[in-house]
Amino acid sequence: MLSLGQLQEKYLNFKEVSEVILQYGQYQNVEILQLCEQVQKLCISNNQIEKFGIDKKFEHLQYLEVGQNKIQELDINAYLAHLDISSNKLTTLDSIVKYKNLQYLNVGFNDLRTLSTNLSVLSQLTKFIANGCELIDIQGLATLSSLKYLDISANKLQNLLSLKNLLNLSYLNVSHNPLKTLSQLSPLINVIELSVYGTQISSLKGLENLKLLQTLNAQQNELENVDELLELTNLKSVFLTQNSLNNLLGLKNAKLLENLAIDRNPFHSLEGLPAHSKMQKLMLYQNDIPNLLGVGVQPSLETLSVIACNLETLDGIQECKMLQMVMIYTNKLKSIQHLENAVYLTHLQVDNNLIENLNGLQKLNQLKVVNLKSNKLTSIAELSTITSITHLNISNNQLTSLQGLENSKNLVELEVGNNKISSLSILQNLKSIVFINIEKNQISDIKELRFLKELETLRRIWFADNEVLNLNIEGNNAICADPLFKEYIIQQLPQIISYSFIYEYDRGGPEYYDKIISNDERKAAKQEQK
């Protein structure tokens, strides 16, 4: 363990220092601080200090951080305005209230059970944090009328009566307390941001008067509706994940809404979403909604995520013309119609659906990343009009041809594994391609690889589990490891640097292998071959 006294020789002018930061040093005592006559800011958090007592008066010290130590009480003669003494061993605030100039106080994660101490002397306090203390009583907060920011989350509070006179509060976090009701928050009309995450509430009653509220986090509760939000027209961000919501009608007037999270709720309709809002992102996960009717006109919506929601159709998003990213995977879509107007769309992820055709994509010429994996596609001809795609995944479909990629001049990565492709001729047009995965198809003639020879940018190709017959080798799974097959690839596709079962040392022989491959790399390569 180090002692602060050991620093004296290094800092001969220590007494003139205005800022001292000695974090994560495992220091045990603070005797050297008596030399810091001019110090204004002192940070000695994350150490092993048990006793913090200094007789000397610090005329200039206003900012003190001593979090994550083992302090039971604080005794320092200073005019503190900022004090962080979180994660220590405080059982009472009796040693804190003497710092009457405090504006910021963090006592989170201490051994406090009550705040019954008279805190009224802290009349200048505007920000108070007491989270994670297992508090059951906060009566001492009742007179802190200057408070603007209060975090008393992760305690054991059952009521909030002591907050009724804190009319200047703009930020309040009471999450993870067994409150069950918010009715006592009704007087706090100036609150702008409120978090009631995991408070066991079944109603938002008490919030009707919070007309200035902009951000509400009410995740992981037992809410069945949000009717109390109907007149809260200043809402911008609302988080309602993991409740029991059966409708969203309470949000219909929230025209300023920008962010909404409503994952894992049992509603079957999006009716109630405010039309013409400022919402930029809408995310749904494990809901049960057959369509997107109710989304309506959303002129600002850029990101739409609907995952594992049993969605059957995209009907309802026709007027979302500013969409840039759509992620609707693991659903029951049979088509992707109704995306025609999303002309700014760059990312489309609709894998793990039942999609049979790509009607609706033809005019989306801004698309760059497209994932159509694990659907029921038999053709991708609709992609022939789109030249902007750089990354395309059409694996696990029922494709027999790559017709539709002939104009994909910007394609960098292509995955077509697990289809029924027998010809690679279309691929000769992919002049920007770097990676191709054609595993588990029906390539029966090794000469099909000649179509890749002129692709100068191609560096990686996966070819395993194809039915190459003209090498007269039994067992298709091992075909790529056969020496004849390797030799063909090395000679015909010299630009390839990574191939199924082919490594750099295959190109240069054993001597080259020993020269460039370390023992660890050799072992890894052999393991991969297995």
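Since every read-out is calculated from the coordinates, none of them should be taken as a lab result. For clarity, every value in this text was computed on a predicted model and none was experimentally measured. Using ideal geometry, Cβ is built from the backbone for each residue, glycine included, and neighbour counts are taken over all protein chains shown.
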Handout entry: Nitroxide proxy distance, nm - points 7 Å out along Cα→Cβ at SER123 and LYS368
Key = 5.8
Problem - Gyration tensor (alpha-carbon) shape descriptor, region 146-201, a/c threshold 1.5 - result: prolate
Practice task
Please work out the Cα center distance from region 111-139 to region 344-372, rounded to the nearest Å.
Solution key: 54
Handout entry: Length-normalised contact order of the chain in % [C-alpha pairs under 8 Å, at least 6 apart]
Key = 4
Practice task
Go ahead and run the numbers for FRET between GLN158 and GLU19, Cβ-Cβ distance against an R0 of 45 Å, rounding to 0.05.
Solution key: 0.60
Completion exercise
At R0 = 35 Å the Cβ-Cβ FRET efficiency linking LYS41 and GLU134, nearest 0.05, sits at 0.70
Problem - Label zone at SER116 (point 7 Å along Cα-to-Cβ), backbone N below 19 Å, region 64-99 - result: 90-97
Fill in the blank from the handout: Taking Cα atoms only, helix 519-529 is inclined relative to the longest principal axis of the chain by an angle, in degrees rounded to 10, of 60
Practice task
Output the relative contact order of region 266-307, whole-number percent, from Cα pairs under 8 angstrom with separation of 6+ residues.
Solution key: 52
Practice task
Indicate the gyration tensor shape class of region 227-367 (rounded, prolate or oblate), computed on the Cα atoms with a ≥ b ≥ c the square roots of the eigenvalues: a/c under 1.5 is rounded; otherwise a/b larger than b/c is prolate and the rest oblate.
Solution key: oblate
Practice task
Under 14 Å from the Cβ of GLY316, count the other residues' Cβ atoms, weight Lys and Arg +1, Asp and Glu -1, and hand me the total.
Solution key: -4
Practice task
At 7 Å along the Cα-to-beta-carbon direction for both LYS447 and LYS252, put a label point, then send me their distance in nm to one decimal.
Solution key: 6.9
Handout entry: Label-point gap, in nm, between LYS89 and LYS205 - each point 7 angstrom along Cα→Cβ
Key = 4.6
Completion exercise
The exposure ranking of TYR79, TYR63, fewest beta-carbon neighbours within 10 Å first, is TYR79, TYR63
Exercise for the section: Would you mind classifying the chain by shape? Square roots of the alpha carbon gyration tensor eigenvalues, ordered a ≥ b ≥ c; an a/c under 1.5 is rounded, otherwise it is prolate if a/b is larger than b/c and oblate if not. Expected result: oblate
Handout entry: Backbone HN-Hα couplings from phi across region 44-55 [Karplus 6.51/-1.76/1.60, Hz, Gly and Pro as x]
Key = 9, 6, 6, 10, 10, 6, 9, 10, 10, x, 9, 6
Fill in the blank from the handout: Amide H proximity to TRP462 below 5 Å, modelled H, separation 5+ or other chain, gives ILE436, ASN437, ILE438
Handout entry: Gain upon complete extension [GLU319, GLN403; 0.36 nm per residue less C-alpha separation]
Key = 27.1 nm
Practice task
Grab the beta carbon distance between ARG459 and SER300, set R0 = 41 Å, and tell me the FRET efficiency rounded to 0.05.
Solution key: 0.55
Practice task
Enumerate the whole-percent occupancy of each 10 Å bin, from 0 to the last occupied one, for all C-alpha pair distances of region 366-456.
Solution key: 18, 57, 25, 1
